[in-house]
Structure formats: C-alpha cells, structure tokens
Amino acid sequence: MNERTTEFNLNLIELPKLNRVESPSGRTYVTPEGNSYPSVTTVLGKTLDKSGLDAWRKRIGEKEADKQSKYAANRGTIVHDLCEDLILNRDVNLKGLMPIPLAMYRQFEKILRQNVDNVRGSELFLYSDKLKVAGATDLIADWNGVTSVIDFKTSGKHKKREWIDSYFLQCALYSYMMWERTGVICKNLVVIIGVEMVSEPQVFIENMKDWIPRAMELCKTFHQK
C-alpha cells in the first residue's frame, strides 16, 4: 500500500552531502574542505554519563542487550525513513510493514501533519568549523510557526523528561550548525518520541538558548581528551 502526500510546504535549503566514515572509535564526517569531524552522537556518547546504560547492559546481559539494541535501531530506521518520505511529499510505502513500526509511523504522521510547515531540510548534513562536529538532522522546519530542529525517536516505553537531556543536546548542536552553515536560527528544539503500544507520541519542546552553552562545552571537552 502506497500513500501519496502533498501537504507540506517545501522550502528546502541545498547543502552538500558529507562523506560518512564508520570506525571502532566512532562515526566521523568529511566536510567539502576535507576536514574530518566526529558525529554529534559520537561526541555525546563519549562525554555524557553512561552509567545508566552500563547498568542496564549488566543487568540483562550483553547478549540480550545487543539483541534489544539491534531491534530498537532497526525499528527507528524504518520509522525515520517513512517520516522522511512523508515530509518530502513522496510516496510512503507501507506494504509489508509489521504492526509496531506501522503504528509508530501513524503516531508521527498525525503529529507532523498537525504541527509542521515550511520544511527547510530533511536528513540535512551539517557541520561546524568552530565546534568541530558534524551530523545529519532529522528535520528542520516550522513547528507551529517557529523555526525548529525536530528530532524523531522511538521507544518501547514512555520517557521521563529527566531521561532525555542527550536528545536536546543533540538538537542544540544541530541548531548551532544550521546557524553557522546557513544563518537560519532554529529557536526551538522539538523531540518527538513514538512509543510502542500507545496511540499518541510524546512531544517535548525546549528553547535552543537553554541548551547551546552546555552543548558547546561538551564539544570542547571531547576535543581536549
């Protein structure tokens, strides 16, 4: 089953794609100038406290943790790809989709249609020469009229607000890179979390200015190691 969508106003900003390199030490991106910068997720993964994740892996065992992590990553990729097609007004192919990712996609579809317009970029490659970091953001668009960095997450259960600082730090770095590369200021950071076995996603909105200083400090810490 294909669904055709033509509802989003596209005002896309063209930026060059970056060459992505995977290695045991983390993901890096090569800029058009030839600079190699670590990904946002690599920087945050090496500078934020991971004791909770480590405790979880120890509690359930490495094999089960790897299994659950792989499942979550695959689920997230499927939903992200469908949302990208939706946002860019392409055919959304739902044929053969399993019930859980289909239900999660429907959560995103509803909330995106209700709140998003003036799409500037989907999977837009960004980098900062000042912070020496790079990445690809899920969505830059207006959220209820405010230009925002919008990030898609999936989860097996509801997240408490105090659990997701890393999500907002990630979005803050995208916001900074977007400004450095294009001059576009993303005032808000919007995190949408699709949750299994519920009908509505979680939506968290924060002001970019509240997160930029800490995000910049983490980049500084990473490069000083």
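Assorted remarks:
- Gyration tensor verdict on the stretch 12-114 (Cα atoms; rounded if a/c is under 1.5, prolate if a/b is larger than b/c, oblate otherwise): oblate
- Of Glu33, Glu217, the sequence from fewest to most neighbouring Cβ atoms within 10 angstrom is Glu33, Glu217.
- Ranking of Trp56, Trp179, Trp211 by neighbouring Cβ atoms within 10 Å, starting from the fewest: Trp56, Trp179, Trp211.
- Considering only Gln107, Val195, Leu139, the residue lying farthest towards the positive end of the dipole of the chain is Val195, judged by Cα position with unit charges set on Cβ.
- Computed about the Cα centre, the dipole magnitude for the chain is approximately 680 debye when only Lys and Arg (+1) and Asp and Glu (-1) carry charge, each at its Cβ.
- Relative contact order (%) - the stretch 26-224, alpha-carbon pairs under 8 angstrom, separation at least six: 20
- Within a Gaussian network of the chain (alpha carbon springs, distance under 10 Å), most fluctuating of Ser166, Ser39, Ser51: Ser51
- Fewest neighbouring Cβ atoms within 10 Å first, the residues Arg75, Arg161, Arg90 line up as Arg161, Arg90, Arg75.
- Rounded Å value of the spacing that divides the Cα centres of the stretch 1-69 and the stretch 125-155: 12
- Straight-distance crosslink candidates among lysines, where the alpha carbon sits under 24 Å from Lys46 and sequence neighbours closer than 8 are dropped: Lys58, Lys63, Lys67, Lys70, Lys130, Lys132, Lys153, Lys159, Lys160, Lys209, Lys220, Lys225
- Structure-based [θ]222 nm, the chain - -39500 (n - 2.57) summed over DSSP H runs of at least 4, per residue, nearest 500: -13500 deg cm²/dmol
- Three-way shape call for the stretch 134-225 based on the alpha-carbon gyration tensor, with the a/c threshold at 1.5: oblate
- Anisotropy class of the stretch 26-224 from Cα gyration tensor, a/c 1.5 cut: oblate
Any read-out appearing in this document is the output of simple, stated calculations on the displayed coordinates, not a laboratory observation. In this text, all values refer to a predicted model and were calculated from it rather than measured experimentally. Quick reminder, even Gly has a Cβ in these numbers, built from the backbone with ideal geometry, and neighbours come from all protein chains shown.
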